Amino acid sequence: MTTEIQAAAKKAEKLAAVKGMNDILPASVPRTEKLPDSHLWQWFETAVRAVLGRYGYQYLLTPIVEPTALFVRGLGEVTDIVEKEMYSFVDSMNGDRLTLRPEATAGIVRAMIEHNALYNGPLRLWTIGPMFRHERPQKGRYRQFHQLDVEALGFGGPDVDVEMILMARALWRELGLVEGRDVRLEINSLGQPDERRAHRDALVAYFQQHQASLDEDSQRRLHSNPLRILDSKNPAMQAMIEGAPKLIDFLGEASRAHFDAVRASLDAVGLAYRVNPRLVRGMDYYNLTVFEWITEQLGSQGTVCGGGRYDGLIEQLGGKPAPAVGFGLGIERLLLLLQELKVPVPSAAPDAYAVVPPGAPLPQVIATLEALRAAGVRVLQHAGGADGPGSMKSQFKKADASGARFALIFGPDEVAQGQVAVKDLRAGTQALQPLASPDAWADALKLQSAA
Ligand code: ATP
Ligand code: MG
């Protein structure tokens, strides 16, 4: 470590998280910037495991740091991400050029090529983890954010495109969201490279005719990547963009058939969607089917989930040519959406809080709580500091604050008679239960976790 870094570290007054990067905290930690509580992240992951398991997708983890070249080659040089959003740095130990991953697909494809993983046939995969993009932080847009990323490698048919879309729908349902109402589906086809080239030529000609209404970014992209202009969020350009030639009119027969097959299957399962000819997605690697699940509840951070087919990427990154399709889902956005819509979500509260008065026989208390936990009850034991357990009043305060439905009161007199008082904190009622047979009354405590 250089002395320069050491000196700067000493001078830094207050250590805080990097701007746009958040701590994901338990419900009990008060804070101003309110991202959904950590137990909801766990709940989300449980739902993901259940749904993706049903479709036979397998879990993997790849590194958060990858060679910069992977993303430059994979995502395309003239994309928002590569041009201005990547956290890239030189490894001071050996001079390697590295990047904190801005998305998951390139890393997964790199890993599968490296391990020759498609040798035994196609693969269905998923991962969850942090991604990094240097964007302007706002609600639903962060510099470190988290994605569920799902990929199916080696499948070329429209059936897997549909599987991807339906899997996302199954996840909405698992979480209590209603498709069509809370999140809606938009799809498009980007065709194949030659079709895109013909469309691109027509686009350049069109934009040249309207050069005066292009902003600076778009001027620059007119020749390097005119397709990106369609992706522009500049309101002043929307009307002009609306009139641009549409790729869908340049699709050949095979591309059209692929798109029609996707649509026919979606129609057959009764999943409503809108064909959005301007849906292009932020990465260069997409072809044929692209889709987004969108909400109106999160302003311009409305895309909760986006994906599509990327048949050229595996070869582009040095692998044996193989088609593929995948999607990325923003976990912060999804949890914010659930919050916004007040969708019922599980509580972080325990079922019961054990009040342990001074003088309570601790071994018996602990034995009882262990038996209740073994029976599946979520019990928080009041634990004192070095100077004792604290007054009954303060213990009951803690019991209330914990959100528990029941307080278990281990008064010395009751315990001496082989009993514990169980107080329903909501109803205010109280009953005595036998310490000898916790199994007999454990289920009655599980109202909360069952809800
Ligand atoms: P946007 O158009 O909102 O910038 P994107 O097209 O760049 O999104 P993708 O690269 O497709 O997004 O990533 C997939 C999903 O990851 C998005 O649909 C979104 O839910 C989430 N996501 C992308 N960027 C961010 C971010 N900076 N903060 C939080 N979530 C994000
Ligand atoms: Mg973006």
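The values are calculated or read from the model by the stated rules, or taken from the named source; none is laboratory data. Small disclaimer: the values here were computed from a predicted structure and weren't measured. Neighbour counts run over all protein chains shown; Cβ positions are idealised from the backbone, glycine included. Note: areas computed on protein heavy atoms with side chains; ligands, DNA, RNA excluded. Shrake-Rupley method; radii C 1.70, N 1.55, O 1.52, S 1.80 Å.
The overall shape of region 184-238, judged from the alpha-carbon gyration tensor, is oblate: a/c is not under 1.5, and a/b is no greater than b/c. Modelled spin-label separation between ALA16 and SER391, with each label point placed 7 Å from Cα along the Cα-to-Cβ direction: 3.8 nm. Enter the angle in degrees (range 0 to 90, nearest 10) between the Cα long axis of helix 253-268 and the first principal axis of the Cα atoms of the chain, meaning the one along which they spread out most. Here the helix axis deviates by roughly 30 degrees.
Just from its helices, what would the mean residue ellipticity at 222 nm be for the chain, if runs of 4 or more DSSP H residues each count -39500 (n - 2.57) and the sum is divided by every residue, rounded to the nearest 500 deg cm²/dmol? Rounded to the nearest 500, the figure is -10500 deg cm²/dmol.
Can you list which of the trypsin sites (Lys or Arg not before Pro) found in region 14-114 are DSSP loop residues with at most 13 other C-beta atoms within 10 Å?
Of the trypsin sites (Lys or Arg not before Pro), the ones in loops of region 14-114 whose Cβ has at most 13 other Cβ atoms within 10 Å are LYS14, LYS19, ARG31, LYS34.
Relative to the dominant Cα principal axis of the chain, helix 105-114 is inclined by about 80°. Computed from backbone phi with θ = phi - 60° and the Karplus coefficients 6.51, -1.76 and 1.60, the 3J(HN,Hα) list for region 387-393 is 9, x, x, x, 5, 4, 4 Hz; x is used for glycine and proline. Kindly express, to the nearest 10 degrees and within the range 0 to 90, the angle between helix 193-209's C-alpha long axis and the longest C-alpha principal axis of the chain. Rounded to the nearest ten degrees, it is 80. Counting Lys and Arg as +1 and Asp and Glu as -1 over every other residue whose Cβ lies under 13 Å from the Cβ of ALA360, the net charge comes to -2. Note on exposure: ASP159, ASP351, ASP217 ranked by accessible area (1.4 Å probe, complete protein assembly) read ASP159, ASP217, ASP351, with the most exposed listed first.
The portion of the accessible surface of the chain made up by carbon and sulfur, rounded to a whole percent, is 53 (1.4 Å probe; DNA, RNA and ligands excluded). Protein-only accessible surface at a 1.4 angstrom probe places the residues TYR285, TYR119, TYR55 in the order TYR119, TYR55, TYR285, largest first.
What's the extension gain from SER224 to TYR119 if we count 0.36 nm per residue and subtract their Cα-Cα distance?
Result for the pair: 34.2 nm of gain on full extension.
Ligands, DNA and RNA aside, LEU60 has an accessible area near 20 Å² when probed at 1.4 Å. Within the chain, the percentage of alpha carbon pairs spaced more than 37 angstrom apart rounds to 41%.
Placing LYS139, LYS233 in order of accessible area, with the largest value first and a 1.4 Å probe, yields LYS233, LYS139. Entry comment: accessible area of the chain is 49 Å² per residue, from protein heavy atoms only and a probe of 1.4 Å.
Check cross-link reach from LYS320 to the aspartates and glutamates: straight Cα distance under 16 Å, and skip same-chain residues fewer than eight apart. Of all the aspartates and glutamates, those that pass the test against LYS320 - Cα under 16 Å, at least 8 places apart if same chain - are GLU114, ASP311. Excluding same-chain neighbours fewer than eight residues apart, the lysines reachable from LYS34 by a Cα-Cα span under 17 Å are LYS19, LYS139, LYS342.
How big is the accessible area of MET240 in square angstrom, nearest 10, if you roll a 1.4 angstrom probe over the protein chains? Surface open to solvent at MET240 totals about 20 Å². Checking every one of the trypsin sites (Lys or Arg not before Pro) in region 338-410 against DSSP loop status and a limit of 13 other Cβ atoms within 10 Å picks out LYS342. Restricting the GluC sites (Glu not before Pro) of region 24-98 to loop positions (DSSP other than H, G, I, E, B) with no more than 14 neighbouring Cβ atoms within 10 Å leaves GLU33, GLU77. By the rule of a C-alpha distance below 18 Å, with chain neighbours fewer than 8 residues away ignored, the aspartates and glutamates paired with LYS398 are ASP351, ASP387, ASP424. Accessible surface for VAL379 stands near 20 Å², nearest 10, in the context of the full protein assembly shown (1.4 Å probe). Computed from phi, the 3J(HN,Hα) profile of region 81-93 under the Karplus parametrisation 6.51, -1.76, 1.60 (θ = phi - 60°) reads 4, 6, 5, 9, 10, 7, 8, 10, 7, 9, 5, 5, 6 Hz, with x in place of Gly and Pro.
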